[in-house]
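**Q** Take this structure, written in structure tokens, and hold onto it; I'll ask about it next.
The values are calculated or read from the model by the stated rules, or taken from the named source; none is laboratory data. Bear in mind the structure is a predicted one, so any value in this text is a computation, not a measurement. Cβ placement follows ideal geometry from the backbone for every residue including glycine, while neighbour counts extend to all protein chains displayed. Side chains are part of the model used for accessible areas, which takes the heavy atoms of the whole protein and leaves out ligands, DNA and RNA. Shrake-Rupley method; radii C 1.70, N 1.55, O 1.52, S 1.80 Å.
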Amino acid sequence: NIIAAIKNNFLGSLNIYNLSKKIGCKSILFISTDKAVRPTNIMGATKRLSELMFQCFSNYYDVDIAIVRFGNVIGSRGSVIPLFQKQINDRTAITVTHPNITRYLMSINDACNLVLEANIISSLDDNNYIYFLDMGKPVKILDIAKKMIKLSGLTLSNDNNKSGDIEIKFIGLRKGEKLYEELVIGEKYEFSSNPMIYKCKEKFPTIDKIEEIINLTKNLIDNENTEDLIKVLNKNVEGFQKKIN
């Protein structure tokens with residue numbers, strides 16, 4: 001639901017900013033995602049548009065705003081780990097979208113620490129930094145599936161082992177799904193004061209442009225104009241190009 005996604009992720013973020021300003025809150029931390037970097041789906045595009053808005057507000061208004069980008073949080077809702085475990089427990093085939101798909105992974109504890117640390121670090125930094133955790137190299141989802149089968153005391157069923165316990169099926173990439181994720185737009189990033197947390201600065205629009213996008217988006221949502229909402233995302237989010245039906 002494109003309208004619901006934009007209302008929740010973009011205008012919802014705007015509501016949080018306006019409320020924070022109203023009650024005199026001096027700092028905001030926005031939780032974003034690696035899917036906001038050159039996004040291929042609506043969720044990522046709306047998160048990127050929210051990043052641009054917060055960067056702009058931080059530059060023009062008297063409020064400290066930090067942005068953190070999460071990788072895939074192990075064990076969270078929607079994570080492949082619980083899905084794979086259920087499939088193993090049920091002795092059904094493990095479903096993987098593509099043999100070469102990779103993801104950056106972080107634990108729930110890592111995610112919580114990133115939020116707390118970035119909030120402290122950002123208070124000492126200049127504005128407009130985006131923070132992300134050093135998660136090492138991205139991990140192949142296929143390797144996770146194989147390891148979970150092995151750790152469960154079972155064997156992989158394939159052409160070389162017909163009598164194995166669990167089969168892995170490749171079901172194809174979902175619409176808007178990437179083979180791999182990225183953490184920054186471009187190559188420029190640096191360590192923060194915490195050696196496990198990187199930071200980067202990326203280009204953002206002027207305040208006039210952001211206000212134009214906000215007003216246009218509100219109007220298009222009121223008129224349920226999905227086609228022109230997609231055009232707004234295509235025009236203003238780098239790397240995003242969704243076909244209009």
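**Q** So F204 ticks every box in (1) out of contact with any Leu (no Cβ under 6 Å at 6 or more places or on another chain); (2) under 21 Å from T46 (Cα atoms) but one. Which box is left unticked?
**A** Checking F204 against (1) out of contact with any Leu (no Cβ under 6 Å at 6 or more places or on another chain); (2) under 21 Å from T46 (Cα atoms), the one that fails is (1).
**Q** Do you know which of the residues in region 155-166 that are of a type in the set (G, A, S) and open to solvent by less than 70 Å² (accessible area, probe 1.4 Å) is farthest from I94 (Cα to Cα)?
**A** Ranking the qualifying residues of region 155-166, first place goes to G164.
**Q** Determine which single condition M196 fails, assuming it passes every other condition in (1) open to solvent by 70 Å² or more (accessible area, probe 1.4 Å); (2) in contact (Cβ under 8 Å) with a residue 24 or more places away in the chain; (3) touching a Ser or Thr at 6+ places or on another chain (Cβ under 9 Å).
**A** Of the numbered conditions (1) open to solvent by 70 Å² or more (accessible area, probe 1.4 Å); (2) in contact (Cβ under 8 Å) with a residue 24 or more places away in the chain; (3) touching a Ser or Thr at 6+ places or on another chain (Cβ under 9 Å), the odd one out for M196 is (3).
**Q** Follow-up. What about L49, is it part of a helix (DSSP H, G or I), over 18 Å from E177 (Cα atoms) and open to solvent by 20 Å² or more (accessible area, probe 1.4 Å)?
**A** Spelling it out, it is not the case that L49 is part of a helix (DSSP H, G or I), over 18 Å from E177 (Cα atoms) and open to solvent by 20 Å² or more (accessible area, probe 1.4 Å).
**Q** Within the group V63, V73, which residue is modelled with pLDDT under 95, hydrophobic (A, V, I, L, M, F, W, C) and in contact with a Lys or Arg (Cβ under 7 Å, 6 or more places away or on another chain)? Before you say what the answer is, go through the steps one by one.
**A** On the way: V73 fails: in contact with a Lys or Arg (Cβ under 7 Å, 6 or more places away or on another chain).
The unique qualifying residue is V63.
**Q** Can you tell me which residue is farthest from R91 (Cα to Cα) among those in region 170-191 that are in contact with a strand residue (DSSP E or B) (Cβ under 9 Å, 6 or more places away or on another chain) and open to solvent by less than 100 Å² (accessible area, probe 1.4 Å)?
**A** Result: E190.
**Q** Would you mind finding the one in S152, S123 that is within 15 Å of I81 (Cβ to Cβ), open to solvent by 20 Å² or more (accessible area, probe 1.4 Å) and not hydrophobic (A, V, I, L, M, F, W, C)?
**A** Numbers: S123 fails: within 15 Å of I81 (Cβ to Cβ).
Sole residue among the options that is within 15 Å of I81 (Cβ to Cβ), open to solvent by 20 Å² or more (accessible area, probe 1.4 Å) and not hydrophobic (A, V, I, L, M, F, W, C): S152.
**Q** For region 89-108, indicate whether the set of residues that are part of a loop (DSSP other than H, G, I, E, B), closer than 26 Å to G172 by Cα, within 18 Å of the chain's Cα centre (by Cα) and modelled with pLDDT of 95 or more is non-empty.
**A** Checked region 89-108: at least one residue is part of a loop (DSSP other than H, G, I, E, B), closer than 26 Å to G172 by Cα, within 18 Å of the chain's Cα centre (by Cα) and modelled with pLDDT of 95 or more.
**Q** Look at region 1-55 and say how many of its residues are under 19 Å from G186 (Cβ atoms) and not aliphatic (A, V, I, L, M).
**A** The qualifying residues number 13.
**Q** When region 218-245 is examined, which residues are found to be in contact (Cβ under 8 Å) with a residue 24 or more places away in the chain, closer than 21 Å to F204 by Cβ and polar (S, T, N, Q)?
**A** N236
Per-residue answers, yes or no, for (1) charged (D, E, K, R); (2) touching a Gly at 6+ places or on another chain (Cβ under 8 Å):
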position: M53; (1), (2): no, no
position: Y61; (1), (2): no, no
position: R91; (1), (2): yes, no
position: S107; (1), (2): no, yes
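**Q** Kindly indicate which of K178, K203, K218, K140 is at pLDDT 95 or above and under 21 Å from the mean Cα position of the chain (by Cα).
**A** K140
**Q** Further question: (1) assigned to a helix (DSSP H, G or I); (2) surrounded by 13 or more Cβ atoms within 10 Å (Cβ to Cβ): which one isn't true of D208, the others all being true?
**A** (2)
**Q** Looking at S157, is it assigned to a strand (DSSP E or B) and free of Cβ contacts under 8 Å to residues at least 12 places away in the same chain? Explain how you work it out, then say what you get.
**A** On the way: assigned to a strand (DSSP E or B): yes; free of Cβ contacts under 8 Å to residues at least 12 places away in the same chain: yes.
For S157, the condition - assigned to a strand (DSSP E or B) and free of Cβ contacts under 8 Å to residues at least 12 places away in the same chain - is met.
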